[in-house]
Amino acid sequence: MEYKNPHIPENINTSKEHPLKDFSILLIGSIVLLLIGTVTLAFGGGWLASKIPFSAEIKIANMYDLSDDTDDDSAPELTAYLQSLTDKISEAQKLPDGMKVTAHYLDDNTVNAFATIGGHIFMYRGLLEKLPNENTLVTLLSHEIAHVKYRHPIKSLGSGIIVSIGIAALTGGTDSNIMGETGMLTVLKFGRDMEQQSDEAAAQTLYALYGHLNGGAELFEIFHNMREEMGAGESYEMFSTHPLDEDRIENFSTIAKIEGWEEIGELTPLPDFYRSALKSRDRAHQKLSAGTK
Amino acid sequence: MYELILTVVLVSLGYIFGRRAESKHYKSIIMREKEMNTLPAMASRRPPSDGHYDQALVSGSVVIANDYFKSFVAGLRNLFGGQMRSYETLLDRARREAVLRMKQEAKTLGAEAIFNVKYETSNISGQTRKKMPVIEVHAYGTALTKYGI
């Protein structure tokens, strides 16, 4: 008997297909899936979080230790002034029962202000210094209070947490510190639609309190000038969460035109102690500022 | 961002070098298979009955490592399921190389054929969480060497 091994043709046990074909199909497929998944999770998380009652949101906010970060007692008059304006605006915006907004003053050069969970809004000295009159300050406060009113901080936190849980589940990471990472003073990212909603509410409040919109658009001009000063220019609209400054200024005018509200009117000056309170910076010790947190 | 760049670099390096190594290996396998074809390897357990043979255990084993590109594709494939084509060539090469090494051993014994050929495959990548597949394929059989009547 004769034994022989026949010649076996290639590519029976292996695929003739180019490996890059398989690779690109899989890669595109998984990126698409990942995007759909992230969007769904973010949307679902935001939706679920918006169902959290405000009283529970306050409890969540209380989990963070505020004492270290906030409320410069160097300017009690200023803080009281900000709070009184906040209360006035809260009334004008008809905040739901039990929703109390607390204004905080942060002695830091950052040109920014933000709202976070538990109805806390934070104003940096850097931005307050640049405000020319009370109308602009009210616009700024109204914008941040509107974020609280529409539950933007908890929605944003909710989406953030759900998305990070999703990523952790996918990558098998054991990130047990999801809540801790997103601290109280973390500037939450709001979507462009959220910013626009708040801008509109700010315009309404400004009209309700002063009877005209003068001074409102100046807030966005401040941001615009600041960006130009920094030389950063405006980032491309698609990648920016805030609408372009020009668009926001224009948006203000559009609202005025649609509603028939005056864009000119008498500006209310800031109180006398305002500038001096901002200048009193000789504190015994530097408080922890948001940037280092 | 840094991690993304690192992954892209690793995947491209894995692709370039893995593909080069693979085509080189295949060329060498095909060439040596032709040479070794004079020495048949049979799965049959029954040795030929016409004559007297010395029997000896011969074996060939090969350890083959994966490249980053292949593991990356396999990782993606894990999400969707289906044929893991990227590993097919890896195992195919390993099996054929193991048989070739076994035949080489049998040839030095002056064998005429190898019977009862079997394969063993094992994963030796260890217990680490992010393991790169490293496999060992072991082929063994009974080499038959004819001796005078």
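The values are calculated or read from the model by the stated rules, or taken from the named source; none is laboratory data. Just so you know, these numbers come straight off a predicted model, no measurement behind them. Because the Cβ atoms are built from the backbone with ideal geometry, glycine has one as well, and the counts that use them run over all protein chains shown.
This table checks each residue for (1) free of Cβ contacts under 8 Å to residues at least 24 places away in the same chain; (2) aliphatic (A, V, I, L, M); (3) over 30 Å from A:Ser24 (Cβ atoms).
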{"position": "B:Pro47", "(1), (2), (3)": "no, no, yes"}
{"position": "B:Gly81", "(1), (2), (3)": "yes, no, no"}
{"position": "B:Ala113", "(1), (2), (3)": "no, yes, yes"}
{"position": "B:Asn123", "(1), (2), (3)": "yes, no, no"}
{"position": "B:Ile135", "(1), (2), (3)": "no, yes, no"}
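Within segment A:107-122, identify whether any single residue is free of Cβ contacts under 8 Å to residues at least 24 places away in the same chain and either surrounded by fewer than 21 Cβ atoms within 10 Å (Cβ to Cβ) or of a type outside the set (A, V, I, L, M, F, W, C) (or both), and answer yes or no. Yes: segment A:107-122 contains one or more residues that are free of Cβ contacts under 8 Å to residues at least 24 places away in the same chain and either surrounded by fewer than 21 Cβ atoms within 10 Å (Cβ to Cβ) or of a type outside the set (A, V, I, L, M, F, W, C) (or both).
Taking the stated definitions as given, is A:Asn62 of a type in the set (S, T, N, Q), out of contact with any Pro (no Cβ under 8 Å at 6 or more places or on another chain) and over 30 Å from A:Tyr274 (Cβ atoms)? Write out each step before concluding.
On the way: of a type in the set (S, T, N, Q): yes; out of contact with any Pro (no Cβ under 8 Å at 6 or more places or on another chain): yes; over 30 Å from A:Tyr274 (Cβ atoms): yes.
Against the criterion (of a type in the set (S, T, N, Q), out of contact with any Pro (no Cβ under 8 Å at 6 or more places or on another chain) and over 30 Å from A:Tyr274 (Cβ atoms)), A:Asn62 qualifies.
Can you pull out the residues in segment B:42-56 that are more than 9 Å from every other protein chain (Cβ to nearest Cβ) and either of a type in the set (S, T, N, Q) or closer than 26 Å to B:Leu90 by Cα (or both)? Selection gives B:Ala43, B:Gln55. Pick from segment A:1-59 the residues that are within 31 Å of the chain's Cα centre (by Cα), free of Cβ contacts under 8 Å to residues at least 12 places away in the same chain and outside any helix (DSSP H, G or I): which of them is nearest to the other protein chains (Cβ to nearest Cβ)? Of everything passing the filter in segment A:1-59, A:Lys51 is nearest to the other protein chains (Cβ to nearest Cβ). Within segment A:80-104, being farther than 20 Å from A:Asn62 by Cα and in a helix (DSSP H, G or I) holds for A:Ala80, A:Tyr81, A:Leu82, A:Ser84, A:Leu85, A:Thr86, A:Asp87, A:Lys88, A:Ile89, A:Ser90, A:Glu91, A:Ala92.
Restricting A:Gly215, A:Gly260 to residues that are modelled with pLDDT of 85 or more and out of contact with any helix residue (DSSP H, G or I) (no Cβ under 8 Å at 6 or more places or on another chain) narrows the list to A:Gly260.
Here's the yes/no breakdown for (1) within 9 Å of chain A (Cβ to nearest Cβ); (2) among the basic types (Lys, Arg); (3) over 28 Å from B:Tyr147 (Cβ atoms); (4) out of contact with any Pro (no Cβ under 6 Å at 6 or more places or on another chain):
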{"position": "B:Thr7", "(1), (2), (3), (4)": "no, no, yes, yes"}
{"position": "B:Leu10", "(1), (2), (3), (4)": "no, no, yes, yes"}
{"position": "B:Asn37", "(1), (2), (3), (4)": "yes, no, no, yes"}
{"position": "B:Pro40", "(1), (2), (3), (4)": "yes, no, no, yes"}
{"position": "B:Asp92", "(1), (2), (3), (4)": "yes, no, yes, yes"}
{"position": "B:Met102", "(1), (2), (3), (4)": "no, no, no, yes"}
{"position": "B:Lys107", "(1), (2), (3), (4)": "no, yes, no, yes"}
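Report whether or not B:Arg32 is more than 10 Å from every other protein chain (Cβ to nearest Cβ), of a type outside the set (Ser, Thr, Tyr) and over 21 Å from the mean Cα position of the chain (by Cα). Talk me through it step by step, then tell me what you get.
Details: more than 10 Å from every other protein chain (Cβ to nearest Cβ): yes; of a type outside the set (Ser, Thr, Tyr): yes; over 21 Å from the mean Cα position of the chain (by Cα): no.
When the stated conditions are applied, B:Arg32 does not pass them.
Is it true that A:Ser15 is over 30 Å from A:Leu278 (Cα atoms) and surrounded by fewer than 18 Cβ atoms within 10 Å (Cβ to Cβ)?
Numbers: over 30 Å from A:Leu278 (Cα atoms): yes; surrounded by fewer than 18 Cβ atoms within 10 Å (Cβ to Cβ): yes.
Against the criterion (over 30 Å from A:Leu278 (Cα atoms) and surrounded by fewer than 18 Cβ atoms within 10 Å (Cβ to Cβ)), A:Ser15 qualifies.
Going through (1) within 21 Å of B:Ser44 (Cβ to Cβ); (2) away from every other protein chain (no Cβ under 12 Å); (3) small (Gly, Ala, Ser) one by one, B:Ala65 falls short only on (1).
Give me a count of the residues in segment A:170-212 that are in a helix (DSSP H, G or I) and at pLDDT 80 or above. If you could, list the steps in order and put the result at the bottom.
Here is the first cut: in segment A:170-212, the residues in a helix (DSSP H, G or I) are A:170-171, A:178-181, A:192-210.
Add one more test, that the residue is at pLDDT 80 or above, and what stays is A:192-210.
Total satisfying the criteria: 19.
Quick grid of which residues meet (1) farther than 30 Å from A:Leu157 by Cβ; (2) at pLDDT below 90; (3) surrounded by 12 or more Cβ atoms within 10 Å (Cβ to Cβ); (4) among the charged types (D, E, K, R):
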position	(1), (2), (3), (4)
A:Glu2	yes, yes, no, yes
A:Asn5	yes, yes, yes, no
A:Ile25	yes, no, yes, no
A:Val32	no, no, no, no
A:Ile36	no, no, no, no
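Applying the selection to segment A:105-133, what residues are of a type in the set (Val, Ile, Thr), touching a strand residue (DSSP E or B) at 6+ places or on another chain (Cβ under 6 Å) and assigned to a loop (DSSP other than H, G, I, E, B)?
First, pick out the residues of segment A:105-133 that are of a type in the set (Val, Ile, Thr): A:110-111, A:116-117, A:121.
Still in the list and also touching a strand residue (DSSP E or B) at 6+ places or on another chain (Cβ under 6 Å): A:110, A:121.
Hit for segment A:105-133 is A:Thr110, nothing else.
Considering only segment B:30-56, state which residues are surrounded by fewer than 16 Cβ atoms within 10 Å (Cβ to Cβ) and in a helix (DSSP H, G or I). Those that are surrounded by fewer than 16 Cβ atoms within 10 Å (Cβ to Cβ) and in a helix (DSSP H, G or I): B:Ile30, B:Met31, B:Lys34, B:Glu35.
When B:Ile114 is tested against (1) assigned to a strand (DSSP E or B); (2) exposed (fewer than 15 other Cβ atoms within 10 Å of the Cβ), only condition (2) is not met.
Residues of segment A:60-81 that are modelled with pLDDT of 70 or more and among the hydrophobic types (A, V, I, L, M, F, W, C): A:Ile60, A:Ala61, A:Met63, A:Ala75, A:Leu78, A:Ala80. Only one of the numbered conditions (1) within 10 Å of chain A (Cβ to nearest Cβ); (2) crowded, with 18+ Cβ neighbours inside 10 Å is not met by B:Gly75, and that is (2).
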